[in-house]
1. Can you give the Kirkwood hydrodynamic radius of the range 3-121 from its Cα pairs, in Å with one decimal?
2. Taking 2.2 N^0.38 Å as the expected size of a compact globular protein, what ratio does the Cα radius of gyration of the range 51-122 give against it, to two decimals?
3. Hey, how many Å between the Cα centroid of the range 1-26 and the Cα centroid of the range 103-117?
4. Looking at the range 1-64, what % of its DSSP beta bridges pair antiparallel, to the nearest 5?
5. When the helices in the chain are scored as -39500 (n - 2.57) per DSSP H run of 4 or longer and the sum is shared across all residues, what 222 nm value do you end up with, to the nearest 500 deg cm²/dmol?
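No value in this document is a laboratory result; all are computed from the given coordinates. Please read these numbers as outputs of a predicted model, since none were measured by experiment.
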Amino acid sequence: MRHVRITNLNRSGNQPVTAGYCESFLCQLRGLTFRRDLRPDEGLLLVQRSESRLESSIHMLGMYIDLAVVWLDSSRRVVDVRLARRWRPAYFPRAAAQYVLEMPVERLDDFAIGDRVSFEEV
C-alpha cells in the first residue's frame, strides 16, 4: 500500500499524518476494522473516484476504537469533521467529498471545515 503525508496548510503547527492511500473497494471495506490502536501520526486515506456524499460515507461496524474522521473535497478542502464512534452503522459527510481521512481521536481538533490540506507521497 502507498502512503502519503497529509499536512493541514491552515494549521502549520500540527504534526502531519502519515496515512495509507486506500483506493480499492476491498481496502476501503476493510479500512481500519479490527485495529485496536493507532499511533498519533497514523491514519488511513480512503480515496473515491469523484465527490459524493454517499460514496464517501463510512461504517464503524467491527471497529474497536473511535476515530477522528475528516472529509475532503476534490480540491483537498475540509468539508466535514466528525468523531466517529465504534459500532455505529454509518456516517455521511455534510457535503460531497472525494477523500476520507481516518485518524486517532486525539487528532480531531487538528482540522476544521474550510481548512486546506496537502498530500505528499512518502
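1. Every distinct Cα pair counted, the radius reaches 13.8 Å.
2. Values: Rg = 11.7 Å, N = 72, 2.2 N^0.38 = 11.2 Å.
Cα Rg divided by the expected 2.2 N^0.38 Å: 1.05.
3. After rounding, the separation between the Cα centres reads 11 Å.
4. Restricted to the range 1-64, the bridges split so that about 45 percent are antiparallel.
5. -1000 deg cm²/dmol, from helical runs alone.
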